[in-house]
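Here's the structure, in C-alpha cells; my notes come after.
Read-outs throughout are calculated quantities, based only on the coordinates presented, and are distinct from any laboratory measurement. All values reported here derive from a predicted model rather than from experimental measurement. Here the Cβ positions follow ideal geometry from the backbone for every residue, glycine too, while neighbour counts run over all protein chains shown.
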Amino acid sequence: MTDTPSQQYSGPRRVFSGMQPTNGLHLGNYLGALQKFVALQDAFESCIYCVVDLHAITAGPDPKELAAKSREVAAAYIAAGVDPTRSIIFIQSAVREHSELAWVFNCVARMGWLERMTQFKDKAGKHAERSSVGLFDYPVLQAADILLYKATHVPVGEDQKQHLELSRDIAQKFNNDYEAPAFFPLPEPLIQGPGARIMSLRDGTKKMSKSDPSDMTRINLTDDADTIMNKIKKATTDPHPLPEAKEGLAGRPEVENLVGIYAAVSDRGVDDVLKEFGGKGFGAFKPALAEVLAAKLAPIAADMRRLNADPAALDAILADGADRARAIAQPIMAEVRDVVGFWRA
Ligand code: TRP
C-alpha cells in the first residue's frame with residue numbers, strides 16, 4: 001500500500017458512518033456505534049448516517065424484507081438519539097452517486113489491496129472463487145460512501161480499521177493519479193474504546209453478534225424487561241463473587257463483559273461499579289444489571305415501535321435525508337467527473 005499518506009485537504013470536518021440493514025440491532029450496536037453517532041452531533045457540524053443497503057445485497061437478503069429492514073435501522077438511529085433535523089439520515093441506494101463513485105474507485109484500487117482484506121477472507125471462507133465480485137469489492141464501495149461526502153471522520157468498530165486504511169489509500173492514490181493533491185481528505189477512523197466492546201452473554205471471548213444462532217447471547221434493542229431479566233440471569237458467569245477492583249476481572253471475560261455493560265449503560269466507571277458490587281455474588285448483581293439495562297432500553301424500544309408503526313412518516317424523514325445527502329454528493333460527483341475527464345456537454 002502507499003507510504004504514510006500526507007493530509008493536504010483543508011475542507012470542513014464531516015462525519016460519515018453506516019450500518020447494514022441486517023437482522024435486529026442489539027446492545028453492542030447501541031453502545032458501540034449508535035451512542036457514538038449521537039455524541040458526535042455535538043462535536044461536528046455535519047454528520048451523515050447511512051443505512052447501507054447496497055452493501056447488504058452482498059449477503060443476498062430477501063428482497064421482500066430489505067426495505068423494511070432498512071427502515072428499521074433508520075428508526076433505530078432516530079430512537080437512539082440521532083436527530084434527523086441536525087444530522088442527515090438516509091438509505092444508501094437512494095443516492096445513486098454511491099454506485100457511480102464506487103466504479104471510479106474500482107479503477108483506482110488495486111487487486112492486491114483488496115486481496116489483503118481480512119473481512120473478505122473471513123466471509124468468503126474456503127470458497128473465495130464462488131463469492132460474488134460484490135463481496136470482494138465491498139470495501140471499495142465503503143470508500144465511495146465516505147469520500148462522496150469528503151467526510152473526514154468515520155466512527156466505526158475495531159473490525160473496520162482495515163477498510164478505513166483502504167479508504168485512505170484510495171483517496172491518496174486518486175489524488176496522486178489525477179494530480180489533485182488536496183481533492184479528497186484522508187478519512188480518519190474514530191474507533192470506540194475497548195471498554196465499549198460488548199461480548200456475547202454466553203461466551204465472553206466472542207463479540208455480541210446479530211448472526212449468532214442463539215438469541216440468548218445478545219440483548220436486542222427491542223427486548224422487553226422480562227426478556228432482558230431472563231437473558232441476564234442465564235448469562236454465563238462463574239461461582240466466585242465480583243472482584244473489588246478492575247484487576248480482579250483479568251481472566252474472567254464474561255464477568256468483565258457484564259460489569260462493562262453495567263458501567264456503560266449507567267454512565268459510570270468500572271471501578272465505581274465494582275466499589276458497589278465487589279464481594280457480592282451474581283444473585284445480587286444480575287437483577288441490578290437487568291434493571292438498569294431495561295430502564296435504558298425501554299424508551300428506545302418505545303420510540304422504535306412508534307416509528308415503525310408509521311412508515312409514511314419515517315419515509316418522509318428518509319426522503320428528506322436523501323435530498324440533503326444528494327445536495328452534498330452531486331456537486332462532489334460532478335467535480336470527480338471533471339477530474340477524471342468524462343464528457344460533459
Ligand atoms: N462496513 C461497515 C460495517 O460493516 C458498514 C459501512 C458501509 C460503513 N459503508 C460505510 C461504515 C461507511 C462506515 C463508513 O460496519
| Fraction of beta bridges assigned by DSSP in the chain that are antiparallel (%, nearest 5) | 10
| note | Applying the gyration tensor rule to the Cα atoms of the stretch 1-80 (axes a ≥ b ≥ c; rounded if a/c under 1.5, else prolate if a/b exceeds b/c, else oblate), the class is oblate
| message | Need one number for the chain: average projected area of the convex hull over its C-alpha atoms, nm². | response | 19.2
| note | Quick note on Y9, Y49, Y262, ordering by fewest other C-beta atoms within 10 Å, gives Y9, Y262, Y49
| note | Restricting to aspartates and glutamates and to Cα separations under 18 Å from K64, and discarding same-chain partners fewer than 8 apart, the set is D53, E72, D315
| query | Which value in deg cm²/dmol, rounded to the nearest 500, describes the helix-derived mean residue ellipticity at 222 nm for the chain, given -39,500 (n - 2.57) per DSSP H run of n ≥ 4 and division by the residue count? | reply | -16000 deg cm²/dmol
| query | Among C47, G278, L147, whose Cα sits farthest toward the positive end of the charge dipole of the chain (+1 at Cβ of Lys/Arg, -1 at Cβ of Asp/Glu, about the Cα centre)? | reply | G278
| remark: Sorted by chain and number, the residues with a modelled amide H under 5 Å from that of S200, at a separation of 5 or more or across chains, are K206, K207, M208
| task | State to the nearest 20 debye the size of the charge dipole of the stretch 144-217 about its Cα centre, where the only charges are +1 on K and R beta carbons and -1 on D and E beta carbons. | result | 240
| note | Ranked by GNM mean-square fluctuation in the chain (Cα springs under 10 Å), the top entry among E179, E256, E72 is E179
| message | Can you compute 3J(HN,Hα) from phi for each residue in the stretch 265-271, using the Karplus curve 6.51 cos²θ - 1.76 cosθ + 1.60 with θ = phi - 60°, rounded to whole Hz and x for Gly and Pro? | response | 6, 9, 6, 10, x, 4, 4
| request: Could you pull out every residue, at least 5 positions away or on a different chain, whose amide H is within less than 5 Å of the one on Q20? Hs are placed 1.01 Å off N in the peptide plane, and Pro or chain starts have none. | output: V52
| Which value, in debye to the nearest 20, gives the size of the charge dipole of the stretch 157-313 about its Cα centre, when Lys and Arg are +1 and Asp and Glu are -1 at the Cβ? | 440
| field | Rounded Å value of the spacing that divides the Cα centres of the stretch 158-179 and the stretch 59-129 | value | 17
| remark: Expressed in angstrom and rounded, the centroid-to-centroid distance over alpha carbons for the stretch 227-274 and the stretch 323-345 is 50
| query | Which Cα, out of P287, A319, M304, lies furthest along the positive dipole direction of the stretch 237-345 (beta carbon charges, K/R +1, D/E -1)? | reply | A319
| note | Treating only Lys and Arg (+1) and Asp and Glu (-1) as charged, each at its beta carbon, one finds that the chain has a dipole about its Cα centre, in Debye to the nearest 20, of 380
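Within 10 Å of each residue's Cβ, count the other Cβ atoms and sort S200, S46, S17, S10 from fewest upward.
S10, S46, S200, S17
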